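Contents: one structure, followed by commentary.
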Amino acid sequence: VSVYLVGAGPGSAELLTLRAARLLARADVVVHDRLVEPEVLDMTSPWCERFDVGKRAGHSGTQAAINRLLVDLGRRAACVVRLKGGDPFVFGRGGEEFEALRRAGVDCEVVPGVSSAFAAPLVAGIPVTHRGMSRGVMVVTGHSSDGTEVDFHALAQTGLTLVVLMGVERRAAIAARLIKGGLDPLTPVAAVEHACTPRQRVVRASLAELGAAAVSAPSVLVIGEVAALSLVSLEHRLGELAGSRT
Ligand SMILES: C[S@@+](CC[C@H](N)C(=O)[O-])C[C@H]1O[C@@H](n2cnc3c(N)ncnc32)[C@H](O)[C@@H]1O
């Protein structure tokens with residue numbers, strides 16, 4: 001194997017898998033996104049080459065360009081770590097990168113990571129399937145760049161906890177669709193910003209208030225009865241973990 005598609009977890013290096021930490025320590029090259037915390041990148045060796053393909057870095061940013069870079073690196077370096085925030089196969093376009101590498105004949109291993117979809121509610125003290133309150137959870141994107149979007153109207157009928165990634169920008173429209181679909185406007189919502197990092201912040205609101213609430217990306221939106229819960233001791237402990245630098 002020469003390319004490892006690795007989940008960096010939601011933020012703190014403490015939440016990396018052992019496999020991820022070991023691969024980072026021996027990587028010749030790391031190709032990472034904007035959401036990967038500096039303390040995670042610091043787990044590489046001093047001679048490891050780093051490529052930031054996050055949008056803010058001025059990289060062309062197209063998926064095709066990233067795929068080409070990975071194929072090229074995979075052919076010439078012994079250990080290439082493609083580091084993606086959270087879990088590489090949850091909304092990270094990791095599947096596309098895996099397919100591109102396979103098509104080019106470059107060996108690739110995928111290493112799961114802790115997804116923000118579950119870690120962010122947890123650090124806010126929200127058990128997404130709390131017994132007696134929620135019998136399941138749906139993880140969806142709030143983004144609709146390709147013109148298609150999740151059927152929020154239908155989701156409103158399920159009674160399940162809703163976890164929305166990439167939903168900050170369209171939060172007003174999402175809330176309106178859910179209410180139109182039958183969800184109570186007083187349904188609790190929690191927005192967890194920068195979960196598991198020192199910048200972690202939790203904003204609580206009702207569904208009707210979500211559109212006007214001050215929330216910025218990256219955030220995970222948790223919508224449903226469980227979003228009113230705040231198991232504070234847990235939030236406190238994990239808040240400390242998020243801020244740890246050791
Ligand atoms: C392209 S998706 C990638 C998701 C990632 N693969 C995962 O499993 O967490 C990016 C979105 O994930 C969410 N996200 C990722 N890391 C986060 C964090 N530390 N705090 C809050 N939201 C986060 C945000 O909704 C953000 O817009």
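The values are calculated or read from the model by the stated rules, or taken from the named source; none is laboratory data. The model shown is predicted, which means the values in this text are computed figures rather than measured ones. Using ideal geometry, Cβ is built from the backbone for each residue, glycine included, and neighbour counts are taken over all protein chains shown. Calculation scope for accessible area: heavy atoms of the full protein, side chains included, ligands and nucleic acids excluded. Shrake-Rupley method; radii C 1.70, N 1.55, O 1.52, S 1.80 Å.
Quick check on my filter: what residues within the range 25-37 are of a type outside the set (Asp, Glu) and at pLDDT below 95?
Passing the criteria: Arg34, Leu35, Val36.
Can you tell me which residue among Ala21, Ala13 is at pLDDT 95 or above, open to solvent by less than 40 Å² (accessible area, probe 1.4 Å) and touching an Asp or Glu at 6+ places or on another chain (Cβ under 8 Å)?
Only one candidate passes the filter, namely Ala13.
Considering only residues in the range 79-99 that are within 10 Å of the chain's Cα centre (by Cα) and open to solvent by less than 10 Å² (accessible area, probe 1.4 Å), the one that is nearest to Ala25 (Cα to Cα) turns out to be Lys84. Kindly indicate whether Val226 is among the aliphatic types (A, V, I, L, M), under 17 Å from the mean Cα position of the chain (by Cα) and modelled with pLDDT of 95 or more. Criteria not met by Val226. The set of residues in the range 139-149 being open to solvent by 60 Å² or more (accessible area, probe 1.4 Å) and of a type outside the set (Val, Ile, Thr) consists of His143, Ser145, Asp146, Gly147, Glu149.
Can you confirm whether Leu5 is open to solvent by 70 Å² or more (accessible area, probe 1.4 Å) and either within 13 Å of the ligand (Cβ to nearest atom) or over 14 Å from Arg82 (Cα atoms) (or both)? No. Residues that are under 19 Å from the mean Cα position of the chain (by Cα) and open to solvent by 70 Å² or more (accessible area, probe 1.4 Å) were ranked within the range 150-187; the one that is nearest to the ligand (Cβ to nearest atom) is Met166.
Of all the criteria given as (1) surrounded by fewer than 18 Cβ atoms within 10 Å (Cβ to Cβ); (2) in contact (Cβ under 8 Å) with a residue 12 or more places away in the chain; (3) in a loop (DSSP other than H, G, I, E, B), the one not satisfied by Pro46 is (2).
Within the range 49-61, one or more residues are away from the ligand (no atom under 13 Å from the Cβ), aromatic (Phe, Trp, Tyr) and assigned to a strand (DSSP E or B). Go through the range 70-93 and give me each residue that's modelled with pLDDT of 95 or more, farther than 30 Å from Leu229 by Cα and assigned to a loop (DSSP other than H, G, I, E, B). Matches in the range 70-93: Cys79 only.
Within the set Arg26, Arg75, the sole residue that is away from the ligand (no atom under 16 Å from the Cβ), open to solvent by 20 Å² or more (accessible area, probe 1.4 Å) and free of Cβ contacts under 8 Å to residues at least 60 places away in the same chain turns out to be Arg26. If I filter the range 104-149 down to residues being among the β-branched types (Val, Ile, Thr), within 10 Å of the ligand (Cβ to nearest atom) and over 20 Å from Ala175 (Cα atoms), which single residue comes out as modelled with the lowest pLDDT? Only one residue fits best here, namely Val123.
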